[in-house]
1. To check my understanding: the extent here is largest minus smallest coordinate of the Cα atoms along each principal axis. What are those three numbers for the protein assembly as shown, in Å, largest first?
2. Summarise the partner chain shielding of A:146-159 as one whole number: the mean count of Cβ atoms from other chains within 10 Å of each residue's Cβ.
3. For A:136-144, what's the mean count of beta carbons from other chains sitting within 10 Å of each residue's beta carbon?
4. Quick one: what do you get for the stretch B:1-142 if you divide its Cα Rg by 2.2 N^0.38 Å?
5. Per residue of B:259-265, what is the mean number of Cβ atoms on other protein chains within 10 angstrom of that residue's Cβ?
6. Give me D for the stretch B:128-208 in µm² s⁻¹, whole number, from Stokes-Einstein with Rh from the Kirkwood sum over alpha-carbon pairs, 25 °C and 0.890 mPa s.
7. Could you pull the Rg and Dmax for the stretch A:132-221, using just the Cα atoms, both in Å?
8. Hey, what number do you get for chain B at 222 nm if only DSSP H runs of n ≥ 4 count, each worth -39500 (n - 2.57), divided across all residues, to the nearest 500?
Amino acid sequence: MKPFILKRILYAFLILFLVSILIFLLGRAGDPLEKAALSTRMGMADSEVVDALKVQFGLDRPLHVQYYLWISNFIRGDWGKSLFYREDVREMFINRLPITLELFAGFVFWSAIIGFPFGFIAALKRNSWIDASLTTGAVIGISIPVFWQAIVMIYLFAVAVHIFPPSGYVPFSEDPWKNLLSIAMPSFILGTHSAGIISRYVRSSLLEVLGQDYIRTAFAKGLRAKAVLLRHAFKPSLIPVVTVIGLEWGYMLAGAFIVEYMFAIPGLGRMCMNAIFAGDFPIIQATLILVAGNIILVNFVVDLLYGFLDPRVRVQ
Amino acid sequence: MTKTRDFTIVRALAGHKIAMAGLIILVGLVGISVFAPWIAPHDPNEQDLYRVLEGPSRLHLLGTDDVGRDLLSRVIYGSRVTLVIGGVSTLFAGIIGVLLGLVAGYKGGFADMVIMRITDTFMSMPLLVLVLVMIATLGPGIKNLIIVITVLTWPAYARIVRGEAMRVSKLPYIEAAQALGASGLRIMFRHILPNIMAPIIVTASISVGINIMMESTVSFLGLGVQPPTPTWGNELKIGYAYLEVVPLFSIAPGLMITLAVLAFNLIGDGIRDVFDPRLRE
């Protein structure tokens with residue numbers, strides 16, 4: 001197990017390194033300063049000013065030197081300054097992170113509370129009308145684009161009936177109830193998409209596990225259905241579910257960006273979306289590398305979970 | 001693949017309700033986009049400034065948009081760009097991914113290492129955010145969308161094809177082909193590829209849906225295909241601004257996107273069911 005973990009950690013760092021190069025090149029593509037200048041409508045800035053700015057941001061040096069400076073500063077905690085807000089990018093991150101984390105807590109809550117029971121029930125009631133409607137619901141949940149689901153829900157629950165605020169965010173410290181209301185709809189929208197994925201995988205992997213010999217043995221020795229399901233079937237059926245969460249993690253994070261943007265939730269996603277529109281590359285780079293780091297970390301944890309869920313992996 | 005096996009697959013698919021539902025939706029959507037000039041009741045770009053933001057009427061079945069264009073006609077024409085971007089980018093990404101995946105899986109060694117590192121790098125990034133960043137750099141437009149989506153989505157195929165090619169390469173018939181002196185190219189394309197088509201088709205089908213979703217998202221955010229070209233994402237972008245006045249303006253194009261993605265997901269599911277008999281009755 002130990003060499004396995006060590007190898008995985010080394011590999012994760014290698015991928016993170018390659019990701020950082022890709023992100024760096026993306027940030028430098030297409031003369032970032034010129035674009036930033038255009039989007040602030042100071043496009044007329046004369047070339048002397050632009051050249052001075054280039055020196056200030058170190059863009060006049062060769063690419064590999066720029067990369068070295070950028071990555072070493074990043075690791076030391078100096079993430080640069082936003083081109084527009086003139087603020088320290090790291091500070092902007094720290095200020096916005098709790099909001100995004102709250103959205104994510106809501107998202108995990110909804111996807112778990114919908115995804116697992118639905119998948120479980122569909123598997124147990126296999127080929128009934130309950131199964132058919134849950135499975136159809138799941139595939140529809142996957143197919144609805146996040147932004148359209150947001151529009152429809154805003155119309156239904158904020159315009160037609162005033163239950164939730166159409167957008168905006170109220171901090172918990174200000175008004176806990178309004179805070180929950182403002183986060184409920186956006187997190188639900190994120191949650192339904194992944195709940196659709198989770199319930200499909202829970203269903204199919206549970207069906208596969210229930211067909212195994214050792215489950216028949218468990219029934220044959222007189223165990224009650226509840227005991228068989230919870231003690232013997234549930235854990236191994238989680239393996240594909242965990243895999244798909246790892247694979248879909250990046251997709252879910254991107255969904256959070258869209259939702260934050262649409263609901264005007266002042267978190268990391270909205271900050272990055274605005275930075276993309278404005279060409280604020282220090283923010284884009286920092287966000288991308290942290291998100292990629294997060295995806296790599298999640299997939300690493302997924303690999304470790306295999307060992308926990310499937311003892312055979314530990315032996316190998 | 002022999003003729004008889006092809007035949008059983010087609011028959012199995014034909015008997016698969018879910019796949020058929022998806023196929024019917026898809027045929028409908030493709031039909032709408034091909035025959036758009038004959039189906040659409042109005043010219044999608046014809047403005048009527050006396051009739052802006054109207055609700056459904058006999059003249060305009062779904063109502064009109066903010067400059068008095070017929071919404072139904074715009075939704076019908078919108079299917080063209082969206083389906084073309086979804087399909088073409090899937091085709092390109094599929095070709096690149098399958099080629100690299102075959103080389104990585106069959107040849108192994110250095111090529112495998114390089115291709116897989118690139119694949120893992122791409123797959124550790126949030127795809128949609130990368131699409132937005134790259135489109136913001138390259139500029140909007142149909143061509144750029146296809147390029148960006150292709151560049152970012154081929155690794156999904158490469159990874160799957162590599163795994164399958166490795167598995168198949170160990171089978172005795174490949175060894176037999178090698179012993180008979182077949183070239184590497186011949187083995188890859190004549191002996192391995194036909195036997196791993198199922199997971200490729202499943203991936204491609206689901207991928208068209210994802211690509212359509214990405215194109216709509218990018219267009220919805222105003223970075224995609226530029227107006228006045230009608231796409232579902234563009235319609236939604238304008239419609240969203242008038243959500244309280246004419247809700248149908250946002251609902252109709254969004255429903256079309258959902259239907260398109262749903263169709264490809266259902267077809268993908270159906271093919272997977274047919275090829276993976278473990279879960280079949």
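Where a number appears in this text, it was derived from the coordinates with a stated rule and is not lab data. None of these values were measured; they are calculated from a predicted model. A quick note on method: Cβ atoms are made from the backbone with ideal geometry, for glycine too, and the neighbour counts reach across all protein chains shown.
1. Largest first, the protein assembly as shown extends 73, 66, 58 Å along its Cα principal axes.
2. Details: counts 4, 12, 16, 2, 2, 9, 7, 0, 4, 6, 1, 0, 2, 3.
The shielding value for this peptide is 5.
3. Working: counts 4, 0, 0, 8, 4, 0, 6, 13, 7.
Average per residue, whole number: 5.
4. Numbers: Rg = 22.3 Å, N = 142, 2.2 N^0.38 = 14.5 Å.
That works out to 1.54 for the stretch B:1-142.
5. Working: counts 1, 1, 6, 6, 1, 1, 5.
Taking the mean over all residues of the peptide, I get 3.
6. On the way: Rh = 14.9 Å.
In µm²/s, the coefficient is 165.
7. Spelled out, the Cα radius of gyration and Dmax of the stretch A:132-221 are 19.2, 58 Å.
8. Working: 11 runs with 196 residues, N = 281.
Calculated mean residue ellipticity at 222 nm is -23500 deg cm²/dmol.
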